[in-house]
Amino acid sequence: MAHTKQYYAISCINVGVGPGGTTSMLARIAIVDFRGNTILDTYVSPTMKVTEYRTATTGIEPAHLSSRNAAPFNTVQQYVANIIKGHILVGHSIWNDLSVLGIPHPAVDTRDVALYQPFRNALRSPNHIVGLQTLSWQLMCRRCQESEQNPLENARAALDLYRSDATDWEEAIRRGSWPCALPPSTFSRCYL
């Protein structure tokens with residue numbers, strides 16, 4: 001029996017480090033399986049001093065990252081690398097997630113709803129990244145990210161968007177016609 005690849009959806013919530021808090025660092029991560037079941041949902045202990053919690057959008061407070069429930073970054077990184085290896089990764093702007101995790105993944109094994117050309121074309125934005133909130137509302141009449149970002153909600157929304165057009169998406173790939181735009185070139189290191 002042939003091995004079939006599993007589908008996992010990922011979403012990361014980041015806080016800011018460094019001067020002005022402009023550099024992103026992983027603070028919470030969620031991974032769900034193809035049915036939306038939670039595989040991972042954890043806060044992550046900071047590896048550097050957090051200078052901007054971005055609480056209004058992230059919902060992250062200092063107590064979240066200093067509690068005993070916050071997992072060490074290297075443990076999370078290894079766990080995620082093991083889960084996604086050899087499988088399909090679904091998400092929105094996946095390069096951001098891979099970048100903060102420091103994990104590369106084969107581009108051919110990604111399904112990025114932010115880069116999927118039919119979604120962009122449907123919203124008359126063929127050359128621009130459309131936010132997950134906008135994609136969810138415009139294509140599925142589904143609200144998400146109405147207050148703070150929730151990585152479980154984001155992962156499931158990206159997964160539902162993918163599943164809404166999965167047959168055509170996978171058929172385009174089978175035909176050798178990659179249906180997605182390229183991620184920003186500055187993130188090429190995130191892909192194998």
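The values are calculated or read from the model by the stated rules, or taken from the named source; none is laboratory data. Just so it is clear, the model here is predicted, and its values are computed rather than measured. Note: ideal-geometry Cβ built from the backbone for every residue, glycine included; neighbour counts use all protein chains shown. Surface accessibility is based on the protein's heavy atoms, side chains included, excluding ligands, DNA and RNA. Shrake-Rupley method; radii C 1.70, N 1.55, O 1.52, S 1.80 Å.
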Residue tally, condition surrounded by 14 or more Cβ atoms within 10 Å (Cβ to Cβ) and without any contact (Cβ under 8 Å) to a residue 12 or more places away in the chain, over segment 136-152: 1
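Would you check which residues across segment 178-187 are under 16 Å from the mean Cα position of the chain (by Cα) and in a helix (DSSP H, G or I) and list them?
Phe187
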Single residue of Ile88, Ile39, Ile94 found to be at pLDDT 95 or above, touching a helix residue (DSSP H, G or I) at 6+ places or on another chain (Cβ under 9 Å) and open to solvent by 30 Å² or more (accessible area, probe 1.4 Å): Ile39
3 or more residues of a type outside the set (Ser, Thr, Tyr): qualifying strands (runs of 3 or more DSSP E) within segment 37-134: 38-43, 88-91
Residues of segment 4-36 that turn out to be open to solvent by 20 Å² or more (accessible area, probe 1.4 Å), without any contact (Cβ under 8 Å) to a residue 60 or more places away in the chain and not in a strand (DSSP E or B), as a count: 6
Matching residues, segment 54-84, being open to solvent by less than 70 Å² (accessible area, probe 1.4 Å) and under 19 Å from Glu153 (Cβ atoms): Arg54, Thr55, Thr58, Gly59, Ile60, His64, Val80
